[in-house]
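Engineer: I have a structure here, written as structure tokens, and I will follow up with some questions on it.
The values are calculated or read from the model by the stated rules, or taken from the named source; none is laboratory data. Not measured: the values here are computed from a predicted model. Backbone-built Cβ (ideal geometry, glycine too); neighbour counts: all protein chains shown. Accessible surface areas use protein heavy atoms only, side chains included; no ligands, DNA or RNA. Shrake-Rupley method; radii C 1.70, N 1.55, O 1.52, S 1.80 Å.
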2 protein chains.
Amino acid sequence: MNTATDTTTAAEHAHTTAWIASVLRARIAAGQLTPGSKLSEQSLSESLGVSRNTLRQAFATLAGESIVTRIPNRGVFVAAPGVEEVREIYRVRRTIEPAAVLWGRPTPAQLDAMDAIIRKARAARDAGSVPEMANANQAFHEAVVSLTGSELLRELMDKVLAEMRLVFHAMSAAPDFHTHYVDRNAAVVEQLRRGENERAAADLRAYLDAAESELLGHLEGEAPNR
Amino acid sequence: MNTATDTTTAAEHAHTTAWIASVLRARIAAGQLTPGSKLSEQSLSESLGVSRNTLRQAFATLAGESIVTRIPNRGVFVAAPGVEEVREIYRVRRTIEPAAVLWGRPTPAQLDAMDAIIRKARAARDAGSVPEMANANQAFHEAVVSLTGSELLRELMDKVLAEMRLVFHAMSAAPDFHTHYVDRNAAVVEQLRRGENERAAADLRAYLDAAESELLGHLEGEAPNR
DNA sequence: TGAGTGAATATTGTTGAACAATCTGTGAAT
DNA sequence: ATTCACAGATTGTTCAACAATATTCACTCA
């Protein structure tokens, strides 16, 4: 049950290039390819059994998703988000997410889905499973953005959340970052159910501010440079 | 700038693929390549003087920007936004733009820049220059999104505005769509200057609703199918 | 010893040709 | 007229090569 970004999925050898792109995406998301590491065209094309040309095309796709950075004549590297990138991530989230809860009109089905996500998050917290909690948290924020009904905004949120995962992978020891926020997520849903959209938006903004500060604190302490 | 079709022996080694991508982008934006038209790999690679392989890579980039759609084994076509795409465009704008004015803290410089844009729009309207008005309108909404300080959101807005231009190109006779909205833009800036952010956000949302309705009306009347 | 220099090497960027897979359109047979 | 098959055209992918740029490393000279 991966919630990785799915584009044109399934269909095995439909397009080799899309297949390769998804393989690389999965490996990066799984932390198998650590941020900053170089992706050599020759070795990768050999190990994946594809031409250097199609691999290159897959690189173009991944670069468009900004989970890989391309330096001319130097090669492509797994994106290594730093302090500035984290700030940018939260600039986006602080704009989109509160707007979604402020002006969104949640259907009962959407509210129930969010409640289900909250339950899963609580179960993961009680079980002490950090990856499960990370997944649930990501699902929650995707559900929030889905309130806008916009596919483009959902894609942007996907991109941003993928970058978030890279940030966590870049930190040597990932703390239980999400523990504090499970209940705040639940509070937002409760306010939405009561129709207190303005309150929910304000709380969500404060919540995001706190999360950014905490994350930046960890990041500064762990890896000041690079 | 140059619209020369021949790249005989000039302009090499400046990242051919990016160059080709920008050339195609410019031609599409200029309406030289109309929405729905097919981009043949063979003829384009010949006329542009590049390999079919690098052209293909440029296609991957443009597809990532969704100004071109790729149909497997059929080819790539200039995106032809329809009714559903217009609705999606306004879902995005109705989320991002009001959020930017509601939670943004405009600097005096930003306000002055917006005033300058308004002046340009008024001059264009008085001169009856539709393209100038379109440019000014686009600049205004980019300035609005810039209030968030986010580069990613600005890029998304760019993408959306590029799609808007395709919509206009798809309409046989583009009416003076922007005429009505120059003063409403000015009103938003005025409210921002007075610190009435909530009012500005509400007005902007109503404004976007009206624009969407008008555009959809034109679109239904002009080209009902594909 | 250490810093600067320059050739040797490796990697990326681009090309052209080739072949497989798929789609399109035409014509023949029923 | 409908269906089927076959040839033609276009896209998807691979391979081998070369040009351009980066990196490495040995070497000279203070």
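Engineer: Would you say A:R165 is modelled with pLDDT under 95, among the basic types (K, R) and in the same structural domain as A:A206 (by TED's automatic domain parsing)?
Structural biologist: yes
Engineer: Another question about this same structure. From the set of residues in the stretch A:126-138 that are surrounded by fewer than 19 Cβ atoms within 10 Å (Cβ to Cβ) and closer than 22 Å to A:V188 by Cβ, which is farthest from the other protein chains (Cβ to nearest Cβ)?
Structural biologist: A:D126
Engineer: Report yes if A:T54 is outside any loop (DSSP other than H, G, I, E, B), modelled with pLDDT under 95 and surrounded by fewer than 22 Cβ atoms within 10 Å (Cβ to Cβ), otherwise no.
Structural biologist: Yes, satisfied.
Engineer: Return only the number of the condition from (1) within 30 Å of A:A18 (Cα to Cα); (2) within 19 Å of the chain's Cα centre (by Cα) that A:R91 does not satisfy.
Structural biologist: A:R91 satisfies every listed condition except (1).
Engineer: Would you confirm whether any residue within the stretch B:156-171 is without any contact (Cβ under 8 Å) to a residue 40 or more places away in the chain, among the acidic types (D, E) and farther than 19 Å from B:P81 by Cα?
Structural biologist: no
Engineer: Filter the stretch B:151-176 down to residues that are more than 10 Å from chain A (Cβ to nearest Cβ), open to solvent by 50 Å² or more (accessible area, probe 1.4 Å) and not hydroxyl-bearing (S, T, Y), then give me how many there are.
Structural biologist: Summing the residues that are more than 10 Å from chain A (Cβ to nearest Cβ), open to solvent by 50 Å² or more (accessible area, probe 1.4 Å) and not hydroxyl-bearing (S, T, Y) in the stretch B:151-176 gives 8.
Engineer: May I pose another question? Can you pull out every residue in the stretch A:43-95 that is more than 30 Å from A:S213 (Cβ to Cβ) and of a type in the set (G, A, S)?
Structural biologist: A:S43, A:S45, A:S47, A:G49, A:S51, A:A58, A:A60, A:A63, A:G64, A:G75
Engineer: Oh, and also: I'm trying to understand the selection: among the residues of the stretch A:67-105, which are at the interface with another protein chain (Cβ under 10 Å from one of its Cβ atoms), open to solvent by less than 40 Å² (accessible area, probe 1.4 Å) and in a loop (DSSP other than H, G, I, E, B)?
Structural biologist: A:G104
Engineer: So is A:V92 modelled with pLDDT under 95 and either of a type outside the set (K, R) or closer than 19 Å to A:E155 by Cα (or both) or not?
Structural biologist: Considered against the rule, which asks whether it is modelled with pLDDT under 95 and either of a type outside the set (K, R) or closer than 19 Å to A:E155 by Cα (or both), A:V92 comes out as no.
Engineer: Among the listed residues B:T148, B:T179, identify the single one that is among the β-branched types (V, I, T), assigned by TED's automatic domain parsing to the domain that holds B:R125 and surrounded by fewer than 17 Cβ atoms within 10 Å (Cβ to Cβ).
Structural biologist: After applying the criteria, what remains is B:T179.
Engineer: Ok, one more. Which one is nearest to DNA strand C (Cβ to nearest atom) among residues in the stretch A:18-66 that are among the acidic types (D, E) and within 14 Å of chain B (Cβ to nearest Cβ)?
Structural biologist: This residue is A:E41.
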